[in-house]
């Protein structure tokens, strides 16, 4: 059995957050989506559980971080191409997100990212496997 990952993120307004990520092309699994949580499908084995803050708080005794003021985690997703990296950032910006840093071009690796409506950082990267193989 291959592992799956479920990244759990607190959100202030679930419907607004779902609209934001749907505009980036992500779908939601209705089986695990209700008024308190949405299961965003990133791939066949990667999911983001977007949980309204009071519900998220039931999973931990620690205070919930305000992602607009602190960084607790950066989620990094691989992309098929540089163009996909740039397209996702453009979509995020159009949907109300921000790009806190400029694109980073390291030759074989290209990255950029965005901050979502709740302040969570999403890094996007494309690795040119052929260029990396040629470096070794």
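Nothing in this text is a laboratory measurement; each read-out follows from the coordinates by a stated rule. Remember, it's a predicted structure, so these values are computed and weren't measured experimentally. We place every Cβ from the backbone using ideal geometry, glycine too, and count neighbours over all the protein chains shown.
The table below lists the values:
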quantity: 0 to 90° range, to nearest 10: angle between helix 14-23 axis and the chain longest Cα axis; calculated: 20
quantity: C-alpha long axis of helix 82-94 to longest principal axis of the chain, angle in °; calculated: 40
quantity: Peptides 89-96, 1-8 ordered by average Cβ neighbours within 10 Å, highest first; calculated: 89-96, 1-8
quantity: The chain - percent relative contact order, Cα under 8 Å, separation 6 or more; calculated: 22
quantity: The chain: calculated mean residue ellipticity at 222 nm from DSSP helix runs of at least 4, using -39500 (n - 2.57); calculated: -7000 deg cm²/dmol
quantity: Hydrodynamic radius of the chain per Kirkwood, over alpha carbon pairs, in Å; calculated: 15.9
